[in-house]
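Participant: Can you keep this structure in mind? I'll have questions shortly.
The values are calculated or read from the model by the stated rules, or taken from the named source; none is laboratory data. Quick caveat: nothing in here was measured; it's all calculated off a predicted structure. Cβ placement follows ideal geometry from the backbone for every residue including glycine, while neighbour counts extend to all protein chains displayed.
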Amino acid sequence: MQSAQRKYNAILTGNDAVAVGAKLARVGFISAYPITPQTTIVEKLAEMVANREIQARYVEVESEHSALAATFASELAGIRSYTATSSHGLLYMHEMLHWTAGMRLPVVMSVVNRALGPPWNIWTEQTDTMNQKDTGWMQVYCESNQEALDTILMGYRIAESEKVMLPLMSMEDAFVLSHTSEPVSIPDQEEVDGFLPPLDLKFRIDTNNPMGYGSYSTPDGPFMELKKDMIESMKNSKNTIREVTRNFAEAFGRDYSGLIEEYAMDDADYALIASGTLASTGKYVVGKMREAGRKVGLIRLRFFRPFPDEEIVKATKNLKGVGVLDRSVSYGSSGSIANEVKSSLYEKSSIPVTGFVAGLGGRDVRIEEFEKMFDYIEKGKTGNYFIGDREGN
Amino acid sequence: MVELILAPIAEKSSKFNHTDSWRILKPEIEYDKCIRCMICWKFCPDNAFEISTGSSIPSPNERTAKLEAPVINYDYCKGCGICANECPEKCIEMTVESKKVI
Amino acid sequence: MPFSIPTEEFMEPGHTACHGCGATLAMRYVLKALGKNTVVSVPASCWAVIPGAMPYRTLDVPMVYTPFAATGASISGLREALDIQGKEDYNVVGFAGDGGTADIGLQSLSGAMERGHNVFYIMYDNEGYMNTGVQRSGSTPYGAETTTTPVGKERNFKRQNKKVVADIMMAQGVPYVATATIAYPEDLIRKLDNARKIHGPKFIQVLATCPTGWYYPPEKSVEVSRLAVQSGVFPLYEFQNGVLRVSKPSKTVEVREYLSMQGRFSHLNDEDIAQLQEYVNQRMTMLLEKEKDTAKPGP
């Protein structure tokens, strides 16, 4: 997995990597509003526009709601469009998220996962994007700067597929990826052009073909059918995702294996499901525990929307127990990923599921805490656990 | 074959939607007083006036007979009465719409 | 020729606006002036339902429906994306109500105007949230009763003066700002013709009379609109490249005459009306002074 067959040719922060991704995707329109830790993405893009390294218009709007409204409108006019945000900015976009997906516009957006206040906190947490899970956007949680770059390219191809036509948000963990440099392989523009054809929006605005874009519907109108089509397209996107990640692997030598990544799962008895950079720490711990003879593995959730339910069922089939790590909270319920995993396994599996909430507000999730989680899973402790707070859990 | 996605797009002209049933008062032009100023046409929010060049329409004089005349399309007129209110010759009369037999 | 405005129509009949709707006339005139090569962005407002439910459209130009606060930003995105494709000849128009302009959309409007996109923003001002059932907006005038400022026992009508967005746009230095009403379509169309000569943001506030929310009979829509100008309640002006020109109505009437036609002001007593007359006089004086000031050659 991700064995870089290509040589690294740059050292980039996650934010620079996604800016390079947007450039290689030949985005024609960028609109964004500053928020830490997203700002360096759009600073980089603004610089590229200023230096004519990229043929795009950059519109410096006065809010995130406007950022996505401008991006929505530009995409509707037929231009591949891009925006980026984080945390409260993403929440301020919430209405436009629904609007963009409902209008079936294949916008790609980068989101740097950051905690929500109060108290203000700029460090990583996934509650911001988990709150947007029902907006009709596909969601990818990246683990490395390379994946963050590559996901922009794959993202447009998936989103713009005629079978999908839904927007996609690609996530990076605040600071852990966004501001940390890693070696990255930047593909050639020519290769990217071969992989990602120009956008051809079938229903783009045209004064020779006047239409009402968005319109309104009564209960007897096509409202339910339109929503059903979004549900179906989201479901169908799974095949497109598998296909596009395969094509990407063929073209660039990096295989992201579809919606989830399985790590040391072949003969595992117990596994932890994690996402983002927590999966990296998890993999390290799995390696250590394997050395000690414990048959553990890790499932890295790449896509949260569409939710990879079939993949989860398949990957956990031979396990004796599975745990789910959420770096987000849903007050009055368990972790968002844990809930979805349990729902996917219902009636298809009887393995115990343990839910963990950890790493809120960017708190480190340490090796010994991962070990504790695996202990819980091995002991078959079901239920939900809050890990890493000062009370010693 | 790729099935195209459904997007919320409205394509059909509203002219297929008749709004005559909204009407309680019906405007009628007394053409023999109408000076063809087209003020009624100008101020119609329902765009229910057509411009006629038909010479069969009665006219107060020879000069006005040569001009285009306003003709109400009753499929769309909602009977708001702006035309009658604005008519400088007061030659549009609003009468109670007779009950339509269904 | 009896036609004082273009005969070509870009708004089709069969729409579902209320009887005597002023906002509908505003759209009809704006499109007559701008023509076929126009894209209109409309936020939540009366105009989001006037075309009718799916599958109907009533405009012969593309109309983009957007969320309430998104007009300014959406026309920014449309403009830039069309320019990229060499479609500089398209007119990009935001067409929003007063709530969507003076209240929830003010930030987005102000941002779009400040960035200087080559767009038109038409505020059709029916002085309240009419589509949701006549609630008070920032653009509702002093004295008006709305469903959220019911008179009741406490004489609880709107106690604040109208927030005049066109004045704010002038203060912001938007290159073209004008006011217009549906009673004077020739004036509105002339203003749009002037505006389109300017490459940059253009803002026009059109008073769009509303029989449903102002409580007057629908046949009076144009008449009420005319009296708004003649009484000085809604002065017509044009602000172009820093120079203000205020129209002087050929006939003037007292504010009382304008108010007395509308049920929304029926509770006002002589004192209230005198206060409103005073406000209208002051505002006219202010505008005329500004007209004098801006006519002076600059430094």
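Participant: Does A:PHE223 satisfy being over 25 Å from A:VAL111 (Cα atoms), among the aromatic types (Phe, Trp, Tyr) and outside the structural domain of A:GLY335 (by TED's automatic domain parsing)? Can you show your working first?
Facilitator: Details: over 25 Å from A:VAL111 (Cα atoms): yes; among the aromatic types (Phe, Trp, Tyr): yes; outside the structural domain of A:GLY335 (by TED's automatic domain parsing): yes.
Criteria met by A:PHE223.
Participant: Those residues that are out of contact with any Gly (no Cβ under 9 Å at 6 or more places or on another chain), free of Cβ contacts under 8 Å to residues at least 60 places away in the same chain and either in a helix (DSSP H, G or I) or more than 8 Å from chain B (Cβ to nearest Cβ) (or both), I need them from region C:5-50; list them, please.
Facilitator: Scanning region C:5-50 gives C:THR24, C:ARG28, C:LEU31, C:GLY35, C:LYS36, C:ASN37, C:THR38, C:VAL39, C:ILE50.
Residues are listed down the side, and each one gets a yes or a no for (1) aromatic (Phe, Trp, Tyr); (2) closer than 14 Å to A:ILE241 by Cβ:
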{"position": "A:THR129", "(1), (2)": "no, no"}
{"position": "A:TYR141", "(1), (2)": "yes, yes"}
{"position": "A:ASP150", "(1), (2)": "no, yes"}
{"position": "A:VAL184", "(1), (2)": "no, no"}
{"position": "A:ASP193", "(1), (2)": "no, no"}
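Participant: Just need a number here: residues in region A:268-315 that are among the polar types (S, T, N, Q) and surrounded by fewer than 24 Cβ atoms within 10 Å (Cβ to Cβ).
Facilitator: Filtering region A:268-315 down to residues among the polar types (S, T, N, Q) leaves A:275, A:277, A:280-281.
If we keep only those that are surrounded by fewer than 24 Cβ atoms within 10 Å (Cβ to Cβ) as well, we get A:280-281.
The qualifying residues number 2.
Participant: Considering only region A:117-124, I want to know if a residue exists there that is of a type in the set (S, T, N, Q), surrounded by fewer than 22 Cβ atoms within 10 Å (Cβ to Cβ) and more than 25 Å from A:PHE203 (Cα to Cα). Working first, answer last.
Facilitator: Within region A:117-124, the subset of a type in the set (S, T, N, Q) is A:121, A:124.
Now narrow it down to the ones that are surrounded by fewer than 22 Cβ atoms within 10 Å (Cβ to Cβ): A:121.
Checking the rest, the ones that are also more than 25 Å from A:PHE203 (Cα to Cα) come to A:121.
Within region A:117-124, one or more residues are of a type in the set (S, T, N, Q), surrounded by fewer than 22 Cβ atoms within 10 Å (Cβ to Cβ) and more than 25 Å from A:PHE203 (Cα to Cα).
Participant: Scan region A:163-181 residue by residue and report those that are away from chain B (no Cβ under 14 Å) and either of a type in the set (Gly, Ala, Ser) or more than 14 Å from the chain's Cα centre (by Cα) (or both).
Facilitator: Residues of region A:163-181 that are away from chain B (no Cβ under 14 Å), as a first pass: A:168-181.
Across region A:163-181, the qualifying residues are A:SER170, A:ALA174, A:PHE175, A:VAL176, A:SER178, A:HIS179, A:THR180, A:SER181.
Participant: While we're here: Looking at (1) within 22 Å of A:GLU64 (Cα to Cα); (2) in contact with a Pro (Cβ under 8 Å, 6 or more places away or on another chain), which is the only condition C:GLN107 fails?
Facilitator: Every listed condition holds for C:GLN107 apart from (2).
Participant: Taking C:MET123 and the conditions (1) of a type in the set (A, V, I, L, M); (2) buried (at least 21 other Cβ atoms within 10 Å of the Cβ); (3) more than 15 Å from the chain's Cα centre (by Cα); (4) over 23 Å from A:TYR82 (Cα atoms), which numbered condition does it fall short on, given that it satisfies the others?
Facilitator: (3)
Participant: Here's something else I'd like to know. Based on what the data block shows, is C:ILE189 β-branched (Val, Ile, Thr) and either within 30 Å of C:PRO150 (Cβ to Cβ) or away from chain B (no Cβ under 14 Å) (or both)? It would help to see each step written out before you state the result.
Facilitator: Working: β-branched (Val, Ile, Thr): yes; either within 30 Å of C:PRO150 (Cβ to Cβ) or away from chain B (no Cβ under 14 Å) (or both): no.
It is false that C:ILE189 is β-branched (Val, Ile, Thr) and either within 30 Å of C:PRO150 (Cβ to Cβ) or away from chain B (no Cβ under 14 Å) (or both).
Participant: Also, I was wondering about something else. Among the helices (runs of 4 or more DSSP H) lying completely within region A:46-132, list those that include at least 1 residues that are more than 12 Å from every other protein chain (Cβ to nearest Cβ). Before you say what the answer is, go through the steps one by one.
Facilitator: Working: elements: A:64-76, A:87-92, A:94-102, A:127-130.
Per the criteria, A:87-92, A:127-130.
Participant: So which of A:ALA50, A:ALA32, A:ALA19, A:ALA67 ends up being farther than 30 Å from C:PHE68 by Cα and within 20 Å of the chain's Cα centre (by Cα)?
Facilitator: Details: A:ALA50 fails: within 20 Å of the chain's Cα centre (by Cα); A:ALA32 fails: farther than 30 Å from C:PHE68 by Cα; A:ALA67 fails: farther than 30 Å from C:PHE68 by Cα.
Result of the check over A:ALA50, A:ALA32, A:ALA19, A:ALA67: A:ALA19.
Participant: Suppose the filter is closer than 25 Å to B:PRO70 by Cβ and of a type in the set (S, T, N, Q); does C:THR38 pass it? Even if it seems obvious, please write down each step before you answer.
Facilitator: Numbers: closer than 25 Å to B:PRO70 by Cβ: no; of a type in the set (S, T, N, Q): yes.
Judged against the criteria, C:THR38 is not a match.
Participant: Of the conditions (1) part of a loop (DSSP other than H, G, I, E, B); (2) touching a Ser or Thr at 6+ places or on another chain (Cβ under 8 Å), A:SER170 satisfies every one except a single condition; which number is it?
Facilitator: Here A:SER170 meets the rest and fails (1).
Participant: Taking the residues in region C:54-89 that are of a type in the set (Ser, Thr, Tyr) and free of Cβ contacts under 8 Å to residues at least 40 places away in the same chain as candidates, determine which candidate is farthest from the other protein chains (Cβ to nearest Cβ). Explain how you work it out, then say what you get.
Facilitator: Filtering region C:54-89 down to residues of a type in the set (Ser, Thr, Tyr) leaves C:56, C:58, C:65-66, C:71, C:74, C:76.
With free of Cβ contacts under 8 Å to residues at least 40 places away in the same chain added as a condition, the list becomes C:65-66, C:74.
Numbers: C:TYR65: 3, C:THR66: 6, C:SER74: 4 Å.
Once the filter is applied, the top-ranked residue is C:THR66.
Participant: Condition test on C:VAL92, is it in a strand (DSSP E or B), within 11 Å of chain A (Cβ to nearest Cβ) and over 15 Å from the mean Cα position of the chain (by Cα)? Please lay out each step first, then the result.
Facilitator: Numbers: in a strand (DSSP E or B): yes; within 11 Å of chain A (Cβ to nearest Cβ): yes; over 15 Å from the mean Cα position of the chain (by Cα): yes.
It is true that C:VAL92 is in a strand (DSSP E or B), within 11 Å of chain A (Cβ to nearest Cβ) and over 15 Å from the mean Cα position of the chain (by Cα).
Participant: Considering only residues of region C:207-222 that are among the β-branched types (Val, Ile, Thr) and more than 7 Å from chain B (Cβ to nearest Cβ), which is surrounded by the most Cβ atoms within 10 Å (Cβ to Cβ)? Walk me through it before giving the result.
Facilitator: First, pick out the residues of region C:207-222 that are among the β-branched types (Val, Ile, Thr): C:209, C:212, C:222.
Then drop every residue that is not more than 7 Å from chain B (Cβ to nearest Cβ), which leaves C:209, C:212.
Numbers: C:THR209: 32, C:THR212: 18.
Result: C:THR209.
Participant: Take the residues in region A:353-370 that are under 26 Å from the mean Cα position of the chain (by Cα) and surrounded by fewer than 16 Cβ atoms within 10 Å (Cβ to Cβ), then tell me which one is nearest to A:ASP269 (Cα to Cα). If you could, list the steps in order and put the result at the bottom.
Facilitator: Going through region A:353-370, the residues under 26 Å from the mean Cα position of the chain (by Cα) turn out to be A:353-367, A:369-370.
Filter once more, so that each one left must be surrounded by fewer than 16 Cβ atoms within 10 Å (Cβ to Cβ): A:364, A:366-367.
Numbers: A:ASP364: 27, A:ARG366: 22, A:ILE367: 20 Å.
It comes out as A:ILE367.
Participant: Search region A:182-214 for residues being of a type outside the set (D, E, K, R) and exposed (fewer than 14 other Cβ atoms within 10 Å of the Cβ), and hand back the single one that is farthest from the other protein chains (Cβ to nearest Cβ). Before you say what the answer is, go through the steps one by one.
Facilitator: Of all residues in region A:182-214, those of a type outside the set (D, E, K, R) come to A:183-187, A:189, A:192, A:194-199, A:201, A:203, A:205, A:207-214.
Checking which are exposed (fewer than 14 other Cβ atoms within 10 Å of the Cβ) leaves us with A:189, A:194, A:197-198, A:208-209.
Working: A:GLN189: 19, A:GLY194: 21, A:PRO197: 15, A:PRO198: 12, A:ASN208: 9, A:ASN209: 8 Å.
Among them, the one singled out is A:GLY194.
Participant: Just the residues that are touching an Asp or Glu at 6+ places or on another chain (Cβ under 9 Å) and buried (at least 24 other Cβ atoms within 10 Å of the Cβ), please, taken from region C:30-44. Can you show your working first?
Facilitator: Residues of region C:30-44 touching an Asp or Glu at 6+ places or on another chain (Cβ under 9 Å): C:31-33, C:35-37.
Once the filter is applied, which keeps residues that are touching an Asp or Glu at 6+ places or on another chain (Cβ under 9 Å) and buried (at least 24 other Cβ atoms within 10 Å of the Cβ), region C:30-44 yields only C:LEU31.
Participant: For region C:67-89, give me the residue count where each residue is of a type in the set (D, E, K, R) and not in a loop (DSSP other than H, G, I, E, B).
Facilitator: 3
Participant: A further question follows. With the condition being under 24 Å from C:MET27 (Cβ atoms) and charged (D, E, K, R), I'd like the strands (runs of 3 or more DSSP E) fully within chain B carrying at least 1 qualifying residues. Even if it seems obvious, please write down each step before you answer.
Facilitator: Numbers: elements: B:25-29, B:49-52, B:69-72, B:92-96.
The strands (runs of 3 or more DSSP E) meeting that bar are B:49-52.
Participant: Residues that are at the interface with another protein chain (Cβ under 8 Å from one of its Cβ atoms), assigned to a helix (DSSP H, G or I) and crowded, with 19+ Cβ neighbours inside 10 Å: does region A:230-248 have at least one? Quick ask: steps written out before the conclusion?
Facilitator: Keep residues of region A:230-248 that are at the interface with another protein chain (Cβ under 8 Å from one of its Cβ atoms), which gives A:233.
Now narrow it down to the ones that are assigned to a helix (DSSP H, G or I): A:233.
Pick out the ones that are also crowded, with 19+ Cβ neighbours inside 10 Å and you get A:233.
Yes, region A:230-248 has at least one match.
Participant: Here is a further query. Identify the residue in region A:341-352 that is in contact with a Leu (Cβ under 9 Å, 6 or more places away or on another chain) and surrounded by fewer than 23 Cβ atoms within 10 Å (Cβ to Cβ) and, among all such residues, is farthest from A:LYS295 (Cα to Cα).
Facilitator: Quick first cut of region A:341-352, residues in contact with a Leu (Cβ under 9 Å, 6 or more places away or on another chain) only: A:341, A:349, A:351.
Right, trim to surrounded by fewer than 23 Cβ atoms within 10 Å (Cβ to Cβ) and you get A:349, A:351.
Working: A:SER349: 20, A:ILE351: 16 Å.
Here the residue is A:SER349.
Conditions tested, residue by residue: (1) within 17 Å of C:SER41 (Cβ to Cβ); (2) buried (at least 24 other Cβ atoms within 10 Å of the Cβ).
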| site | (1), (2) |
| --- | --- |
| A:ALA46 | no, no |
| A:GLN55 | no, no |
| A:SER66 | yes, yes |
| A:PHE72 | yes, yes |
| A:ARG80 | no, yes |
| A:ALA84 | no, yes |
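Participant: Quick one: which of A:LYS372, A:LYS320 is touching a residue at least 24 places away in the same chain (Cβ under 8 Å), out of contact with any Ser or Thr (no Cβ under 9 Å at 6 or more places or on another chain) and among the basic types (Lys, Arg)? Please lay out each step first, then the result.
Facilitator: Numbers: A:LYS372 fails: touching a residue at least 24 places away in the same chain (Cβ under 8 Å).
The unique qualifying residue is A:LYS320.
Participant: Only one of (1) in contact with a helix residue (DSSP H, G or I) (Cβ under 7 Å, 6 or more places away or on another chain); (2) within 11 Å of chain C (Cβ to nearest Cβ); (3) not aliphatic (A, V, I, L, M) fails for B:ASN73. Which number is that?
Facilitator: (1)
Participant: Right, here's the next one. Can you run down the residue pairs with Cβ atoms below 6 Å, 6 or more apart or on separate chains, where the first is in region C:181-202 and more than 20 Å from B:PRO45 (Cα to Cα) and the partner is of a type in the set (Ser, Thr, Tyr)?
Facilitator: So the pair list comes out as C:ALA195/C:TYR176; C:ILE198/C:TYR176; C:LYS202/C:TYR176.
Participant: Within region C:62-71, identify whether any single residue is over 18 Å from A:ILE205 (Cβ atoms) and surrounded by fewer than 24 Cβ atoms within 10 Å (Cβ to Cβ), and answer yes or no. First the steps, then the outcome.
Facilitator: Keep residues of region C:62-71 that are over 18 Å from A:ILE205 (Cβ atoms), which gives C:68-69.
Checking the rest, the ones that are also surrounded by fewer than 24 Cβ atoms within 10 Å (Cβ to Cβ) come to C:68.
There is at least one residue in region C:62-71 that is over 18 Å from A:ILE205 (Cβ atoms) and surrounded by fewer than 24 Cβ atoms within 10 Å (Cβ to Cβ).
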